[in-house]
2 protein chains.
Amino acid sequence: MKDKFKPWQRWVLFALAMAVIFASGVIISFLMEHSAEVVNIDYKKKIKINGIEARSIIFAENYPREYKTWVDTTSTDLHSRLNGRTSIDVLAQRPEMVILWAGYAFSKDYSTPRGHMYALQDIVHSLRTGAPMGVADGPQFASCWVCKSSDVPRMIEAIGVDSFYNNKWAAWGAEIVNPIGCADCHEPKNMDLHISRPSLTEAFSRQGRDITHATPQEMRSLVCAQCHSEYYFKGNIKYPTFPWDKGFTVEDLEKYYDEIGFTDYIHKLSRAPILKAQHPDYEIFKMGIHAQRGVSCADCHMPYNDEGGIKYSDHHIQNPLAVTERTCQTCHRDNKETLCKNVYERQQKANELRTLLEKELAKAHIEAKFTWDIGATENEMQEALLLIRQAQWRWDFGVSSHGGSFHAPQETMRILGHGLNKVFQARMLISKVLVAHGYTDNVPLPDITTKEKAQQYIGLDMAVEKADKDKFLKEIVPEWLQKAKANGRIVN
Amino acid sequence: MKDKFKPWQRWVLFALAMAVIFASGVIISFLMEHSAEVVNIDYKKKIKINGIEARSIIFAENYPREYKTWVDTTSTDLHSRLNGRTSIDVLAQRPEMVILWAGYAFSKDYSTPRGHMYALQDIVHSLRTGAPMGVADGPQFASCWVCKSSDVPRMIEAIGVDSFYNNKWAAWGAEIVNPIGCADCHEPKNMDLHISRPSLTEAFSRQGRDITHATPQEMRSLVCAQCHSEYYFKGNIKYPTFPWDKGFTVEDLEKYYDEIGFTDYIHKLSRAPILKAQHPDYEIFKMGIHAQRGVSCADCHMPYNDEGGIKYSDHHIQNPLAVTERTCQTCHRDNKETLCKNVYERQQKANELRTLLEKELAKAHIEAKFTWDIGATENEMQEALLLIRQAQWRWDFGVSSHGGSFHAPQETMRILGHGLNKVFQARMLISKVLVAHGYTDNVPLPDITTKEKAQQYIGLDMAVEKADKDKFLKEIVPEWLQKAKANGRIVN
């Protein structure tokens, strides 16, 4: 048998075969991989952006995918996505909440939240902001804008903290005109995540921590925590302040508020000094298993997407259940139906305790009012009112956090359980005071089966509120927008 | 350059090289693999076992690894494993529980559970089984043995259901002498998992299900569920029965008991018709995420082990935290410390609500007694007593389940939360009855800060109980063992 090739030819053939196999591997690997977006940030920049740019559309040309998905937050609200429904009137669903907030603007209007794009539309339309016809009219303060718009950091940089906050809400109607957008979380020069609201930096600092040492993964939660946290408006200028000096639990925050003698409002019926929880999303999230495992807000609410091989963060911030294939299912090997069911089950269990507590709190306020009416003294009522404050703080902390009953289901139920314990202690004390005043019957309870009935019971004239609001929306808001356009605050 | 080999020689060399590489792969694969125990069951059998064999040591020669690890349950108790402590006197830690069980034997003695090997030792020594000096003496019935020994199925097969159960507990002291062992879960002829307690099969059947259709994985929980479930003793012969006809939740079981008018005891203080929860482990486990993901009891409590390449189920049933490397960590990529912390955190949160509820329940019983004492009528008390029954059922269901606050943390807290709501409703009603009888002060509460004080308050003479028990242990128990040995019931 004759050998057709010379030795050196065989070596060449062998090397060629090896090269072909190697190349095939590389090509297959490239085809399989979803390549990350690694193009240089400066290379991508078509438009150079200087300073705080509140108009998000300016970023659109540089970051079209991020911009486009941010605009999609117009359809963010969970209910419209999952159930084909729009924002829900919570007070109509749970009229007891009108009673709990008697003496506070939330008793007028409270609906389920919508996407970032709606932030301004919703605050302007809410009955909570009233109908200020002049720049010095109330009821709300400039601090009410703080988390609604990227015009806030722009204004603060332009005029200073004091000049911004030492005003009524209506003072800045023509300035605060772009909803939450790019500048709230990004440094325009390099698009790094940054803290635009100094309240968070200051809270870290008081805890002895330096927020500039936060890791990139921590920043993916901290930019959210700037607003999605519990806060209060401090001092004369109503400066937004995080009550985190003693820690993050419902008890830590209460202790902070108690020590500084803070109260959001005196309850109109019970006269209890109430703490209104904002939305302690970050605090409760931190106490759940996802945070404990290093998951950030953005991991689930801004999952990665890819488009033509470009990987980018989805800025359509929404309920992760709407896109489980890019959120839960990147870690959990279960189908969408199962995962949604697991979440709903957690929510339903927490909601059972919430409903019990809500109903008892409404009774406690009504019974306390009755007790005052028959002649109870401050001294007799003091202990019960403190318990009502504590119970309602727990109710609000457990309920007002977006997604709390999923983020930390057990912590939420722990909080609500303690709330139940406190509200009953309050009701039992009130009953003792009633007996001491010779009243031994049950306290007559008003009909609060609808939002309207509950609002009427606490003395709200909703017809007037709505008529005033309509006038404001018709006469003032168009002026604000016109002025904003004239000053170039909005791109149109 | 001259070629040293002829073409056919090169082919032979090539074929040889390929063969060596293939063989290496196969050898490495064998070395890396933990081969499963696939030897034929019949081949392994050195000793042939016929019928129900209660003496587990008989199985030792055939299944040395399983037997050895089963014997290890002598060190099963969590506390001795993890904290260097032995069984804990729960009543000493939580004297309120003495009050809750006034009128029931649990108020005398209740400690944390120990391993299967201790099942008989603990029931014989417990003050709950009293000091029966004759076979017809109480206080307990034969059904008290049902889950303690593999002699129970043996006896039932030998003498029939009625003859077994229609007796006092003391009647079978010389027969029930081997603790929970092989025969309780295994068919001796092929070691298949089997149901040795017909109560479970019957409960399935009443739900329209056929337990013989259970999958092998389901059987890895169902053999445990034979005993680790809620049950009651039905009718004159006190036949163990599972109250599952309406479902598995605390509400489903309560509805079942209410419909048949079942009550475990009338509370000695409040006269409330109390339901004593046994240990609804299986029911609560089913409501947690592990069961929902298809995990069985054995997956965590009897993890696989390997020894010399033989894979076997660890029969040292214990707290999975003791061996996280073979339990949690087969799925969860977290270190032992983190995993333990996560579990303890769940337990602590549930325990907060448990403690609140426990204290309120004790007050409710004491206040109810006071109210009876000043002349309350059945009619006045009825509603409050029903609420106490419901609240205590929830407390007991949430507390008595082994590991419930880990198995289904949220369900446990939901149950305890509803318990809190019920007990306060009861206390408020009782307070109304007191006022109606002209009593407006607080009800004086006894000192129940220690187990001894609480036991004295409810009228127990613990010195007599203990002296009687000592006599029983000294005089009767040795007789039982002697007789058992003489009859070959124990291998010695």
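Every number here is computed from the coordinates shown, using simple stated rules; none is lab data. This one's a predicted model, so the numbers in the text were calculated from it and none came from an experiment. As a convention, Cβ positions derive from the backbone with ideal geometry for all residues, glycine included, and neighbour counts pool all protein chains shown.
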- Could you list the GluC sites (Glu not before Pro) in segment B:284-338 that lie in coil according to DSSP, counting only those with at most 14 other Cβ atoms within 10 Å of their Cβ? B:E325
- Sort segment B:257-321 into rounded, prolate or oblate with this rule: let a ≥ b ≥ c be the square roots of the eigenvalues of the Cα gyration tensor; rounded if a/c is under 1.5, and if a/c is not under 1.5, prolate when a/b is larger than b/c, oblate otherwise. prolate
- Considering only the other residues whose Cβ falls under 9 Å of the Cβ of A:K451, what net charge follows from Lys and Arg at +1 and Asp and Glu at -1? 0
- The whole-number value in µm²/s of the Stokes-Einstein translational diffusion coefficient for the protein assembly as shown, with Rh from the Kirkwood sum over alpha carbon pairs at 20 °C and 1.002 mPa s, is 64
- Does segment A:372-482 classify as rounded, prolate or oblate by the C-alpha gyration tensor (a ≥ b ≥ c root eigenvalues; a/c under 1.5 gives rounded; else a/b over b/c gives prolate, otherwise oblate)? oblate
- Query: Dipole magnitude of chain A about its Cα centre, charges +1 at Lys/Arg Cβ and -1 at Asp/Glu Cβ only, in debye to the nearest 20?
  - Reply: 1340
- Values of log10 I(q)/I(0), in the order q = 0.12 Å⁻¹, for segment B:87-205 under a Debye, Cα-only, solvent-free model: -0.52
- Query: In the neighborhood of B:T215, defined by Cβ-to-Cβ distances under 14 Å, what is the net charge if each Lys or Arg adds +1 and each Asp or Glu adds -1?
  - Reply: -2
- Query: Can you list the lysines whose alpha carbon is less than 25 Å from that of A:K311, not counting same-chain residues fewer than 8 positions off?
  - Reply: A:K44, A:K45, A:K46, A:K48, A:K68, A:K189, A:K336
- Dipole magnitude of the protein assembly as shown about its Cα centre (Cβ charges: Lys, Arg +1; Asp, Glu -1), debye to nearest 20: 2580
- Message: Taking the beta-carbon count within 10 Å as an exposure proxy, list B:F164, B:F472, A:F242 from fewest neighbours to most.
- Response: B:F472, B:F164, A:F242
- For chain B, what value does the Rg/Rh ratio take when both radii are computed over Cα atoms and Rh is the Kirkwood radius, given to two decimals? 1.09
- Task: Give, rounded to the nearest 20 debye, the magnitude of the charge dipole that segment A:246-351 has about its Cα centre when Lys and Arg contribute +1 at Cβ and Asp and Glu contribute -1 at Cβ.
- Result: 260
- Item | Whether segment B:195-235 is rounded, prolate or oblate, judged on the alpha carbon gyration tensor where a/c under 1.5 counts as rounded | oblate
- Task: Compare the Cα positions of B:M428, B:I237, B:H116 along the charge dipole of chain B (+1 at Cβ of Lys, Arg; -1 at Cβ of Asp, Glu; about the Cα centre) and return the one farthest towards the positive end.
- Result: B:H116
- Among B:I388, B:M413, B:I180, whose Cα sits farthest toward the positive end of the charge dipole of chain B (+1 at Cβ of Lys/Arg, -1 at Cβ of Asp/Glu, about the Cα centre)? B:I180
- Query: Quick one: helix B:409-436 against the long Cα principal axis of chain B, what's the angle to the nearest 10°, folded into 0 to 90?
  - Reply: 0
- Within 10 Å of the Cβ of an average residue in A:409-420, the count of other chain Cβ atoms is 6
- Query: With point charges of +1 on the Cβ of Lys and Arg and -1 on the Cβ of Asp and Glu, referenced to the Cα centre of segment A:91-248, which listed residue (A:L100, A:C224, A:S196) lies farthest in the positive direction of the dipole?
  - Reply: A:L100
- Item | Nearest-ten-degree value, helix A:250-259 long axis tilted from longest Cα axis of chain A | 50
- Note on the structure: Within chain B, the cysteines whose Cβ lies no closer than 4.7 Å to any other cysteine Cβ are B:C144, B:C182, B:C185, B:C300, B:C328, B:C331, B:C340
- Averaged over A:431-444, number of beta-carbon atoms from partner chains that fall within 10 Å: 2
- With no solvent and one equal point scatterer placed on each C-alpha of segment B:140-212, evaluate the Debye formula and give log10 I(q)/I(0) for q = 0.25, 0.26, 0.28 Å⁻¹, two decimals. -1.17, -1.21, -1.28
- Long-range lysine pairs (8 or more apart or interchain), segment A:373-492, Cα under 17 Å: 5
- Item | Average partner coverage of A:347-355, which counts Cβ from other chains inside 10 Å | 3
- For the protein assembly as shown, what is the calculated [θ] at 222 nm in deg cm²/dmol (nearest 500), taking -39500 (n - 2.57) for each run of four or more DSSP H residues and dividing by its residue count? -15500 deg cm²/dmol
- Long-range HN-HN contacts of A:S111 with modeled amide H, under 5 Å: A:V90
- Query: Against the longest alpha carbon principal axis of chain B, how many degrees, from 0 to 90 and to the nearest 10, is the axis of helix B:462-486 turned?
  - Reply: 40
- Which net charge results for the neighbourhood of A:F424, defined as the other residues with beta-carbon distances under 9 angstrom from its beta-carbon, given Lys and Arg at +1 and Asp and Glu at -1? +1
